[in-house]
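A short worksheet on the structure shown next.
The values are calculated or read from the model by the stated rules, or taken from the named source; none is laboratory data. For clarity, every value in this text was computed on a predicted model and none was experimentally measured. Cβ atoms come from the backbone with ideal geometry, glycine included; neighbour counts cover every protein chain shown. For accessibility, only protein heavy atoms count, side chains too; no ligands or nucleic acids. Shrake-Rupley method; radii C 1.70, N 1.55, O 1.52, S 1.80 Å.
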Amino acid sequence: MSESDLPLRAEKIDADAEHLPFPDRSFDAVVCRFALSRAANPALAAREIARVLRWKGHLLFLEAAGDARRVDPVTHLRISGLVTHDIERTRTRAHPRWLVQGIATHPSAQYEREIAWLLGTARGGNHDDEESSGLPQGSQ
């Protein structure tokens with residue numbers, strides 16, 4: 001695609017998915033078409049995408065999966081700290097591998113607090129108090 005074909009006075013930037021030349025949290029939306037499945041280091045590419053995506057931003061992705069030699073792209077997104085939504089997997093005769101599409105976001109603050117609580121790493125230390133154990137206060 002030439003720069004004259006780009007809509008809305010967009011700027012074309014050539015970069016590897018593993019080394020995105022953008023500041024942290026700089027995009028509201030990232031569209032990823034086969035970047036993870038073609039990247040030399042898909043784990044690093046997923047971390048870079050998560051890094052440039054704003055906290056309430058959305059990643060829209062379409063990836064090829066099912067190659068026994070590589071980890072599923074959705075797994076890389078999840079390991080990088082993103083939460084995946086609306087995952088759809090399809091397979092066509094024209095494409096022997098699975099096509100995976102969906103949305104990924106950073107976890108909400110409530111989700112992060114719940115995970116920290118489950119892992120026992122939440123601020124405030126141990127969660128052996130009555131409220132956290134599910135017991136009504138004052139009952140034993």
Could you give the length gained on full extension between residue 75 and residue 108, defined as 0.36 nm per residue of separation minus the Cα-Cα distance, in nm?
10.0 nm
Estimated FRET transfer efficiency when R0 is 30 angstrom, pair residue 31-residue 93 (beta carbons, to 0.05):
0.70
Listed by chain and number, the residues whose amide H is under 5 Å from that of residue 83, excluding neighbours fewer than 5 places away on the same chain and using placed H, are 105, 106
Between residue 116 and residue 85, what is the spin-label point distance in nm, taking each point 7 Å from the Cα along the Cα→C-beta axis?
2.2 nm
Based on the Cβ-Cβ distance of residue 5 and residue 51, what FRET efficiency does E = 1/(1 + (r/R0)^6) give at R0 = 41 Å, to the nearest 0.05?
0.90
Packing-ranked peptide list from 38-50, 101-113, highest mean Cβ count within 10 angstrom first, is 38-50, 101-113
With a 1.4 Å probe and all protein chains kept in place, how much accessible area does residue 31 have, in Å² rounded to the nearest 10?
110 Å²
